Amino acid sequence: MTTAIHTLEGNYVSPENTKFRIALLASRFNELVVKELIAGAQDWLIRSGVQPINLTLVRVPGAYELSHIARDLALSGKIDGIIALGCIIRGDTPHFEFVAQAANAGLQQVSAATSVPIGFGVLTVETLDQALARAGSKAGNKGAEAAQALLEVLNLKVALNAWSQA
């Protein structure tokens, strides 16, 4: 006989979405791609009930600078979550690996240290065509996917808080 266990899970559709304050943190480098990631994330959030007045777009030069500003945003107390958006395209030098690793590790460290969730919408691709495919054409929009994941985590945090208070 199997006993049912209590399960906590986030959902991206929730009345709580109207209360969330979210920063879209986006790099300017590879703007052709990043502007589509921003549009996808913003569209997903608004269609999911997040109020436009609760969205803030913050721009940084490139993906390397994302974690520094993410930390400042997380510590500001003015946001509940961050969606980091950027595009790193491999070139002929190892620079790609340095920037990709710094963006990934830096954002993860900020989220862990501050308990502010960060949706990861930073593309790491070989070519511009791959980037464009992931920014709204063949492969969907990774900005929208990062927004969905962030809403799920924010709603899970609400559920965890309610569970811990019970």
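Values computed for the structure shown
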{"item": "Which listed residue is over 18 Å from residue 42 (Cβ atoms), in a helix (DSSP H, G or I), in contact (Cβ under 8 Å) with a residue 40 or more places away in the chain and in contact with a helix residue (DSSP H, G or I) (Cβ under 8 Å, 6 or more places away or on another chain), from 106, 143", "result": "106"}
{"item": "Any chance residue 131 is crowded, with 23+ Cβ neighbours inside 10 Å and at pLDDT below 95", "result": "yes"}
{"item": "Residue list for region 102-128, filter: surrounded by fewer than 13 Cβ atoms within 10 Å (Cβ to Cβ) and not small (Gly, Ala, Ser)", "result": "126, 127"}
{"item": "Close pairs from region 35-52: first farther than 13 Å from residue 140 by Cα, partner modelled with pLDDT under 95 and β-branched (Val, Ile, Thr), Cβ under 8 Å, at least 6 apart", "result": "48/13; 49/13; 49/18; 50/18; 51/18"}
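The values are calculated or read from the model by the stated rules, or taken from the named source; none is laboratory data. The model shown is predicted, which means the values in this text are computed figures rather than measured ones. Don't worry about glycine lacking a Cβ; one is built from the backbone with ideal geometry, like all the others, and counts go over all protein chains shown.
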